[in-house]
Protein chains: 2
Amino acid sequence: MATKNKRASKASRNTRDREATKTEILDAAVEEFARNGLANARIEAIAANTGVTKAMIYYYFNNKEGLYEAILKRGFNAYMQPLQELSLETLSPTEALEEFVRCLLSILVRNPNWPLIMCYEALQNQGRYYKRIGINNIDAQLIAILERGVADGSFRPLDPRFTANNIIGICVFYFISRDGMQYLFPGKRMLGKQMLQLHVEQAIALILASV
Amino acid sequence: MATKNKRASKASRNTRDREATKTEILDAAVEEFARNGLANARIEAIAANTGVTKAMIYYYFNNKEGLYEAILKRGFNAYMQPLQELSLETLSPTEALEEFVRCLLSILVRNPNWPLIMCYEALQNQGRYYKRIGINNIDAQLIAILERGVADGSFRPLDPRFTANNIIGICVFYFISRDGMQYLFPGKRMLGKQMLQLHVEQAIALILASV
DNA sequence: GTCTATACGAGGATAGAC
DNA sequence: GTCTATCCTCGTATAGAC
């Protein structure tokens with residue numbers, strides 16, 4: 001069965017170009033790094049989930065670290081761009097906060113592996129690889145909204161930096177704890193459309209009430 | 001220097017008993033498992049941080065998994081007991097919530113490695129070892145408080161299970177993201193008394209406002 | 001009980017044929 | 001560019017002396 005998939009994948013891949021092969025590797029790598037983190041991810045496992053051999057992965061990405069940096073870079077560019085394209089200055093702090101959180105959550109819902117990779121990155125690598133890419137901007141955006149809201153009195157006198165971190169934690173923690181939460185929702189798929197929709201609603205309601 | 005510490009530790013250990021040696025190993029193991037998780041923790045690193053040899057660790061705990069289960073068990077018993085000893089039934093939902101969260105946070109502040117171990121456990125092992133111990137009770141306690149508050153109208157019509165998870169996420173996420181947050185607080189020690197005190201205040205204020 | 005030395009497997013990385 | 005075979009390092013676990 002695994003062999004069959006491998007062959008099928010390989011056959012179709014041969015008709016495609018170099019970039020398609022790299023994309024195929026990156027997609028499988030995201031899964032593997034999300035499950036195991038940089039230190040424990042297995043190149044062989046990634047190869048097994050594509051039609052590509054282990055040697056090919058080294059050919060394209062040099063080493064495990066190179067592959068890891070490639071998925072971080074692609075993830076950051078593709079996934080986080082929507083946040084930076086928001087124009088929040090014209091909105092009230094409350095509206096801006098809702099808009100920002102809604103956008104962040106919709107990114108996470110479409111890329112549920114991203115929080116796991118970010119979490120592993122924080123724990124195993126202390127955000128080493130992260131900083132080379134510049135994820136910091138995201139906190140800065142949220143902090144700015146909170147500062148504006150405190151200044152004009154629409155939010156309570158909260159600390160913007162701690163609160164920004166808490167808000168991101170709320171959005172992200174559902175994905176990290178999904179396996180542990182499973183026993184609270186027997187028979188439900190935690191990454192199914194219904195549960196994700198509930199998480200988004202509940203998180204936004206909690207965040208807007210909290211400020 | 002490392003050798004000196006090792007010798008000093010060893011010398012003093014020899015005067016103590018078997019249980020003291022096991023405790024010394026467990027303390028070092030907590031550090032190592034918090035940094036690296038079960039899969040990536042190194043028995044040799046644990047040995048290096050005690051006066052105990054690698055072989056001794058195997059002698060006392062059989063294998064890496066045995067050592068891991070021992071720290072989970074000890075951590076759960078010693079650290080989580082205060083939560084179960086709370087008598088919250090006589091308090092109003094709001095008071096009970098504050099009491100519960102304050103107790104949880106004071107446990108985390110005294111054991112800042114615990115959230116990291118819990119997080120690794122969720123990511124790497126999908127909470128496999130967890131469940132053998134019975135950590136589930138903690139969520140159940142919090143969910144009960146939230147249900148009571150919704151029923152008597154002191155809380156908004158929130159979903160108790162999602163909200164319980166979000167609340168725990170707020171308490172825990174600070175510890176997970178501490179290295180990433182460092183750049184927001186240059187010169188501060190994220191696990192210092194001052195910063196931890198701020199986290200506790202900010203988290204409680206946010207949680208109480210949010211329900 | 002405690003140490004040293006080592007067997008053994010896993011996995012990252014490369015050499016070299018095609 | 002792609003594959004197979006292999007090298008080498010590292011880390012778990014144990015054997016066996018004391």
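Tally the residues that are at the interface with chain B (Cβ under 9 Å from one of its Cβ atoms) and either part of a helix (DSSP H, G or I) or of a type in the set (V, I, T) (or both), restricting the search to the stretch A:181-194. So the answer is 4.
Here A:N40 qualifies as free of Cβ contacts under 8 Å to residues at least 12 places away in the same chain, among the polar types (S, T, N, Q) and farther than 18 Å from B:S177 by Cβ. Counting only residues that are part of a helix (DSSP H, G or I) and away from DNA strand C (no atom under 11 Å from the Cβ), which one in the stretch B:44-66 is farthest from A:R35 (Cα to Cα)? Filtering first and then ranking leaves B:A48.
Each row is one residue, and each column tells you yes or no for (1) more than 7 Å from chain A (Cβ to nearest Cβ); (2) farther than 13 Å from B:P112 by Cβ; (3) not β-branched (V, I, T).
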position	(1), (2), (3)
B:F175	yes, no, yes
B:D179	no, no, yes
B:V200	yes, no, no
B:I204	yes, yes, no
B:A209	no, yes, yes
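Looking at B:A29, B:A39, B:A48, just one residue is within 16 Å of DNA strand D (Cβ to nearest atom) and within 14 Å of the chain's Cα centre (by Cα), and that residue is B:A29.
A quick yes/no check of all residues on (1) touching a residue at least 40 places away in the same chain (Cβ under 8 Å); (2) touching a Leu at 6+ places or on another chain (Cβ under 6 Å):
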{"site": "A:T53", "(1), (2)": "no, no"}
{"site": "A:Y58", "(1), (2)": "no, no"}
{"site": "A:N77", "(1), (2)": "no, no"}
{"site": "A:E85", "(1), (2)": "no, no"}
{"site": "A:T94", "(1), (2)": "yes, no"}
{"site": "A:C103", "(1), (2)": "no, yes"}
{"site": "A:A122", "(1), (2)": "no, no"}
{"site": "A:Y130", "(1), (2)": "yes, no"}
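Considering the stretch A:93-159, the qualifying helices (runs of 4 or more DSSP H), each wholly inside and each with 1 or more residues that are over 27 Å from B:L38 (Cβ atoms) and under 14 Å from the mean Cα position of the chain (by Cα), run over A:93-110, A:136-151.
Screening the candidates A:A29, A:A55, A:A20 for the property of being closer than 30 Å to B:G127 by Cα and of a type in the set (A, V, I, L, M, F, W, C) yields one hit, A:A29. I'd like to check something: does the stretch B:124-142 contain any residue that is at pLDDT 95 or above, of a type in the set (S, T, Y) and not assigned by TED's automatic domain parsing to the domain that holds B:N36? No, the conditions are met nowhere in the stretch B:124-142.
The values are calculated or read from the model by the stated rules, or taken from the named source; none is laboratory data. Predicted, not measured: the structure shown is a model, and the values here were computed from it. So basically every Cβ, Gly included, is an ideal-geometry build from the backbone, and we count neighbours across all protein chains shown.
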